[in-house]
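First up is the structure itself, then whatever we jot down about it.
Each reported figure results from applying straightforward, stated rules to the coordinates on display, with no laboratory input. Everything numeric in this text was worked out from a predicted model, so none of it was measured. Virtual Cβ from ideal backbone geometry, glycine too; neighbours counted across all protein chains shown.
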Amino acid sequence: MRLAQMILTAMLATGTGAALAQDGRVDGRLQFSSTSFGLLFGYSQGDGSLEFEGKNYPFTVSGVKVATIGVSKVDALGQVYRLSELADFSGTYVNIEGGFTLIQGGGSAMLRNEKGVTLFLQNVQYGLDLTLGGGGLSIALSEPAKVASPDAKPSGQ
């Protein structure tokens with residue numbers, strides 16, 4: 001009985017948080033793709049793009065999950081809330097999840113990092129995956145590719 005109350009409380013808190021996050025102003029939008037695999041512990045890796053203040057910023061994602069088995073690919077789109085500075089986007093986002101994908105599935109997730117930045121994601125997942133635990137997703141902004149100006153001379157000349 002006590003476990004059921006804890007689960008219900010967690011579900012209610014997550015649902016309320018998602019509603020509150022979506023009532024706020026959208027500060028940015030993102031998209032990413034990642035591939036994951038696991039046997040008890042899982043690992044995922046991928047890359048994406050953040051649109052913030054009219055510019056696009058590339059980033060990488062990596063993550064770990066517990067109580068998972070399978071191989072899958074995820075394509076996600078989402079909104080970013082409570083992002084006032086670009087530097088606050090990088091960090092570790094945590095979530096608790098449970099799900100099963102056979103061939104194709106999808107859903108939504110709300111994640112929050114240590115700086116209070118909240119992501120609301122809609123995703124499509126392909127492959128075979130069973131997850132009963134939680135995990136974390138680390139996001140790191142990528143260094144933008146340096147573009148040489150047309151006037152620049154090659155080094156050594």
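For SER90, project a label point 7 Å along Cα to C-beta. Then give me every residue of the stretch 45-60 with its amide nitrogen under 13 Å of that point. Only 58-60 fall inside the zone, counting backbone N under 13 Å. Determine the sum of side-chain charges near GLN31: Lys and Arg each +1, Asp and Glu each -1, restricted to other residues whose C-beta is under 9 angstrom from that of GLN31. After counting each charged neighbour, the total is -1.
Rounded to the nearest 0.05, what FRET efficiency do PHE37 and ARG82 give with R0 = 41 Å and r taken as the Cβ-Cβ distance? Could you check?
That pair, PHE37 with ARG82, gives E of 0.85.
Estimate the FRET efficiency between GLU53 and ASP75 by the formula 1/(1 + (r/R0)^6), using the beta-carbon distance for r and 22 Å for R0, to the nearest 0.05. Once rounded, the FRET efficiency stands at 0.35.
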